[in-house]
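Structure first, commentary second.
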Amino acid sequence: MGDILFQLKKLIGVLVTPLPISLVFIILGTFFLWRLKKVKGIIFSTIGIFILTLTSLPIISTHIVRPFEFSYPKLDTTKLNSSPPSFIIVLGCWHSSDPLLPLAAKLHQCSLVRTVQAVQFWYQFPNSKVIFSGWEGKENRKSHPQVNADVAISLGLPIENIILTSGHADTEDEANAIKHIVKDKQAILITSASHIPRAIKLFNQQGIFPHPSPAEYVSGHGDFSYQLLIPKANALYQSERGIYEILGNTWIKLKTIFQ
């Protein structure tokens, strides 16, 4: 039952995003128009175009994802000098296994920024261990934590300061595995800025209370300009990230209620 619920959660997370929903409405609208059911066709098509346009506007998408990204400020590591962290936790994102790509290019932006930040922190706290977690990989391909570690090593992080933990389905699995390593020691948690609020909740539920360090940001910022009113592909991506976090946080609340 638990596995079914998990797969259902993943499926909903993929489907309940702006682009798939918009396309479903537009396709239904087109279908009804072909069947000469003009009213239904116009209604469904209009809804699809409206959702797609709205979530593609930077002025809208920024406000969907930005509240998550700025729930926690950037980590002030100077406050940790009196009690240095024993661990720096880097949550997994994803990478490419394409052998034609150079090492750093194999990491998606979300992974690259997290990894670079971890190395920066290690230079400040050289006695700390860096934990890379994430997807295990398939067949002869390297796991995601291993590819992150390879990049970190190329930037100067000693291999003896690295701990790999892989095979995790989601952030809750990562937190459950990492708690056995960190225990009650001081730790920094690095992940994408939009993911930080959900990750902290899940780690706290496991009895771990790391210092949150948002890494990758996707929301726009700055003064108002006419470009905020022009639909853009990256704005659609921002909306997708924000909606995904809304769904993820809602899932946590539902699980808490029904447990």
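Structural remarks
- Scanning the range 158-205 for residues that are polar (S, T, N, Q), at pLDDT below 95 and touching an Asp or Glu at 6+ places or on another chain (Cβ under 7 Å) turns up just one, SER166.
- Qualifying residue in the range 110-130 (condition: of a type in the set (Val, Ile, Thr), part of a helix (DSSP H, G or I) and in contact with a helix residue (DSSP H, G or I) (Cβ under 6 Å, 6 or more places away or on another chain)): yes
- Lone qualifier among LEU36, LEU28, LEU54 - being outside the structural domain of ALA199 (by TED's automatic domain parsing) and assigned to a loop (DSSP other than H, G, I, E, B): LEU36
- Of the numbered criteria (1) within 15 Å of THR191 (Cβ to Cβ); (2) exposed (fewer than 13 other Cβ atoms within 10 Å of the Cβ), the one SER111 fails is (2).
- Summed over the range 171-211, residues that are buried (at least 16 other Cβ atoms within 10 Å of the Cβ) and assigned to a loop (DSSP other than H, G, I, E, B) total 8.
- Whichever residue in the range 212-254 is touching a helix residue (DSSP H, G or I) at 6+ places or on another chain (Cβ under 9 Å) and basic (Lys, Arg) and, among such residues, is surrounded by the most Cβ atoms within 10 Å (Cβ to Cβ): ARG241
- With respect to the conditions (1) exposed (fewer than 15 other Cβ atoms within 10 Å of the Cβ); (2) free of Cβ contacts under 8 Å to residues at least 40 places away in the same chain; (3) of a type outside the set (D, E, K, R), ILE162 falls short on a single one, namely (1).
- For ILE89, the conditions (1) assigned by TED's automatic domain parsing to the domain that holds GLU240; (2) among the aliphatic types (A, V, I, L, M); (3) in contact with a Leu (Cβ under 6 Å, 6 or more places away or on another chain) are fulfilled apart from (1).
- Residue within the range 232-254 that is aliphatic (A, V, I, L, M), in contact (Cβ under 8 Å) with a residue 12 or more places away in the chain and outside any helix (DSSP H, G or I) present: no
- Selection of the range 137-157 for residues being at pLDDT below 90, polar (S, T, N, Q) and out of contact with any strand residue (DSSP E or B) (no Cβ under 6 Å at 6 or more places or on another chain) yields only ASN140.
- Condition check for ILE64: among the β-branched types (Val, Ile, Thr) and buried (at least 18 other Cβ atoms within 10 Å of the Cβ): yes
- Count - residues of the range 82-120 that are charged (D, E, K, R) and out of contact with any Lys or Arg (no Cβ under 8 Å at 6 or more places or on another chain): 2
- Looking only at the range 77-109, residues that are part of a loop (DSSP other than H, G, I, E, B), among the polar types (S, T, N, Q) and under 19 Å from the mean Cα position of the chain (by Cα) come to 1 in all.
The values are calculated or read from the model by the stated rules, or taken from the named source; none is laboratory data. Remember, it's a predicted structure, so these values are computed and weren't measured experimentally. Here the Cβ is made from the backbone with ideal geometry for all residues, glycine too, and neighbour counts use every protein chain on show.
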